[in-house]
Amino acid sequence: MLNSVSTTKIFLIGMMGAGKTSVGLTLSRIIGIPFTDIDELIDTNSYFKNHSIDEFRIEEKKQIRKVMLSAGNRIISVGGGAILNQDNRQIINRCTCIFLKTSIDNLINRIQSQNITRPLIKFSDNGDIDKFFFTQIYKERKQHYLDVSDFVIDTDNENILNVAMKINGLLLDNEIIN
């Protein structure tokens, strides 16, 4: 049950492969509020077939703002690069934010095992990932993740349910939900 005083928005942030969608869906079932994945709203894989990364970032910002302004409580997962935009960081800073921190090797292993295209780092469903390039992307984003997050959850060696339960505990302990 959520606090009745105000609307609660809980953002999940982190690199691609950190588990934001899977954890968000599980957490949604545990605490009983809706989950929204910004990448799914945009249909990221289809979007990149006809649009540039810059156009995607504009649409991402628009969708984040729209979900933030929507009525009701919500768990929100944003793409790994959403925090690069100052406006997005300001929106996220007004809410509860959890950074799903994962090591580079685990991120790459998770992404490599997924049969989907990741436009920034994996151009075909079964393509290879350039670890050096991926590491550079992570280094560029990591401080932003830390700056906007209220909590950091290490997802290495954890399953989805354990991560969601840890987040639930943090939300309860900090009276974000009750």
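Residues are listed down the side, and each one gets a yes or a no for (1) modelled with pLDDT of 95 or more; (2) out of contact with any Leu (no Cβ under 7 Å at 6 or more places or on another chain); (3) closer than 16 Å to VAL78 by Cβ:
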{"residue": "GLN143", "(1), (2), (3)": "yes, yes, no"}
{"residue": "ASP147", "(1), (2), (3)": "yes, yes, yes"}
{"residue": "PHE151", "(1), (2), (3)": "yes, no, yes"}
{"residue": "ASP154", "(1), (2), (3)": "yes, yes, no"}
{"residue": "ASN162", "(1), (2), (3)": "yes, yes, no"}
{"residue": "ASN168", "(1), (2), (3)": "yes, no, no"}
{"residue": "LEU171", "(1), (2), (3)": "yes, yes, no"}
Those residues of region 23-45 which are among the polar types (S, T, N, Q) and either under 21 Å from GLY72 (Cα atoms) or open to solvent by 50 Å² or more (accessible area, probe 1.4 Å) (or both) amount to THR26, SER28, THR36, ASN45
Here, helices (runs of 4 or more DSSP H) confined to region 19-116 with at least 2 residues that are hydroxyl-bearing (Ser, Thr, Tyr) are 20-31, 44-50
Output for region 64-88, where each listed residue is of a type in the set (S, T, N, Q) and surrounded by fewer than 19 Cβ atoms within 10 Å (Cβ to Cβ)
SER70, ASN73, ASN85, GLN86
Go through region 30-55 and report how many residues are of a type outside the set (S, T, N, Q) and touching a residue at least 24 places away in the same chain (Cβ under 8 Å).
12
When every residue in region 150-178 that is in a loop (DSSP other than H, G, I, E, B) and touching a Gly at 6+ places or on another chain (Cβ under 9 Å) is compared, the one least open to solvent (accessible area, probe 1.4 Å) is THR155
For region 68-99, which residues satisfy the criterion of being touching a residue at least 40 places away in the same chain (Cβ under 8 Å), over 12 Å from the mean Cα position of the chain (by Cα) and closer than 14 Å to PRO34 by Cβ?
MET68, ALA71, GLY72, ASN73, ARG74
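The values are calculated or read from the model by the stated rules, or taken from the named source; none is laboratory data. Everything quoted here is computed from the prediction, not taken from an experiment. Heads up, the Cβs are rebuilt from the backbone with ideal geometry, glycines too, and the neighbour counts pull from every protein chain shown. We work out accessible area using only protein heavy atoms, side chains counted, and drop any ligands, DNA or RNA first. Shrake-Rupley method; radii C 1.70, N 1.55, O 1.52, S 1.80 Å.
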